[in-house]
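To start, the structure under review is shown below, and the notes come after it.
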Amino acid sequence: MKIKRYYMEDWLNDSAGLEYNLSTSGCRDFYLGDLLKLCGTGIHEFNELFLGDNDTRGSSRLREAVRQSYARVKTEEILVSNGSSESLFIFFNELLEEGDEVVIPFPAFQCLYQVPLAIGCDVKFLDMLECKNRELDIGKLERMVTPRTRLIIINNPHNPMGWTLSEEELREIGRIAAKNDCYLLFDEHYRYLPLEPGTGLIASGYDICKEINENTFATGSMIKCFGIVGIRIGWLIGDPAFLSRCRDYKDYLTHTIPLVTDRIAAVALENKEKIIGVQKGRILPNLRLLDNVMERNREYFDYDKPTGGVVCFPRLKNNRDADTFCLELREIHGVSLLPGSTFEVEGYFRLNIGIDTHAFGEALERIETYIRDIHGK
């Protein structure tokens, strides 16, 4: 298999260590001691941890903790992986063959379409930039999906756009998949972070669609939402017989998840309400700050407020070059935004609202200073 490099990685590597790094896609990360303290435990949790091999599915404690985030998932329907990227790689390679038709909204996280392309699939892109509010148009999706379609991929909440789907929209997607007898995969990396008032966990497409379309699967993780990216934990949810084949495939990759990171993930998931509360205590004030900046600079930015996750995807108006905008902002003002070219889209940039609120406010001030400098104000 020949696969393209991740377009965003060079930019992310060059931005690492910046105080005002808004190019990443996760919440502010914890130190282990602070995380354990928040969860009401300590290092004693690990003192008697066995350092032998782990179950290739993930420990029973971790899989039970994952199950608690869903309404209709059984532990035998969960395969823990080294990040959701491993789940996606295994799922695509186990399911897809050269020539299979895959439908995915675009722009998208690169792994979601480059792996199918590398397998030799015929990937059809639903261009969300041409849809109302740059959100998923269910009608357009239905017209694109045919009996030839092998797989529909839905990222909810969406990276980089930041929108979420309602339960009825999820049901409609499930009906489209069932009507065309195709597989349906939900990438739900950000479902722990709804941004609408009064909402709990964002509805899982697996919970909603499994009874509508039996060939429904989902990948998930909490590492970006919780601020523990370094533990690299994700999972694949679906039919146990299919997961058994994925487990065999996994033996050729990471084989098992280290018990240390497995335990950290279990402790975090068992205390998810506490952790989410801390992260949303930063994100929601940041979102209000961003809303105000975007409103003050409407002549410069075209902005759709995110409803889930920690990223959004503003557009620069008047055909301004996003690569130049992001590069000058980083080199002159020390603020890193991720240019849309890393998503193979021009004129846009991804912005992360999950960092420390004080630093986020200072970063926005520097962005506005840069805009004033451009216009000579």
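DSSP loop (so not H, G, I, E, B), at most 15 other Cβ within 10 Å: list which trypsin sites (Lys or Arg not before Pro) in segment 72-165 pass both filters.
On the way: sites: Arg72, Lys74, Lys124, Lys132, Arg134, Lys140, Arg143, Arg148, Arg150; in loops: Arg72, Lys74, Arg148.
When the trypsin sites (Lys or Arg not before Pro) of segment 72-165 are filtered for loop state and at most 15 Cβ neighbours within 10 Å, Arg72, Lys74, Arg148 remain.
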Structure-based [θ]222 nm, the chain - -39500 (n - 2.57) summed over DSSP H runs of at least 4, per residue, nearest 500: -12500 deg cm²/dmol
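Of the GluC sites (Glu not before Pro) in segment 1-100, which ones lie in a loop per DSSP and count no more than 12 other C-beta atoms within 10 Å?
Glu19, Glu48, Glu97, Glu98
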Among Leu112, Leu49, Leu364, residue whose mean-square fluctuation peaks in a GNM of the chain (springs only between Cα atoms under 10 Å): Leu49
Reachable lysines, given that their alpha-carbon falls under 17 Å from the alpha-carbon of Lys272 and they are not under 8 places away in the same chain: Lys37, Lys224, Lys280
Long pairs among Lys132/Lys305; Lys140/Lys317; Lys132/Lys317; Lys132/Lys210; Lys2/Lys140, criterion Cα-Cα beyond 19 Å: Lys140/Lys317; Lys132/Lys210; Lys2/Lys140
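For segment 46-272, would you read off the P(r) tail past 29 Å as a percentage of all alpha carbon pairs? Present the calculation step by step, with values, prior to reporting the outcome.
Values: 5878 of 25651 pairs.
Here the tail beyond 29 Å accounts for 23 percent of pairs.
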Under the Karplus curve 6.51 cos²θ - 1.76 cosθ + 1.60, θ = phi - 60°, whole-Hz ³J(HN,Hα) for segment 20-29, x wherever Gly or Pro sits: 10, 9, 9, 8, 7, 9, x, 6, 4, 7
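May I ask you to give the average projected area over all directions of the convex hull of the Cα atoms of segment 90-212, in nm² rounded to one decimal? It would help to have the intermediate numbers written out before the result.
On the way: hull surface 29.5 nm².
Spelled out: convex hull of the Cα atoms, projected over all directions, averaged, 7.4 nm².
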Electrostatic dipole magnitude of segment 46-272 [Cβ: Lys, Arg +1; Asp, Glu -1; Cα centre; debye, to 20]: 340
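Read-outs: derived from the displayed coordinates by stated rules, not from any lab. Everything quoted here is computed from the prediction, not taken from an experiment. Note: ideal-geometry Cβ built from the backbone for every residue, glycine included; neighbour counts use all protein chains shown.
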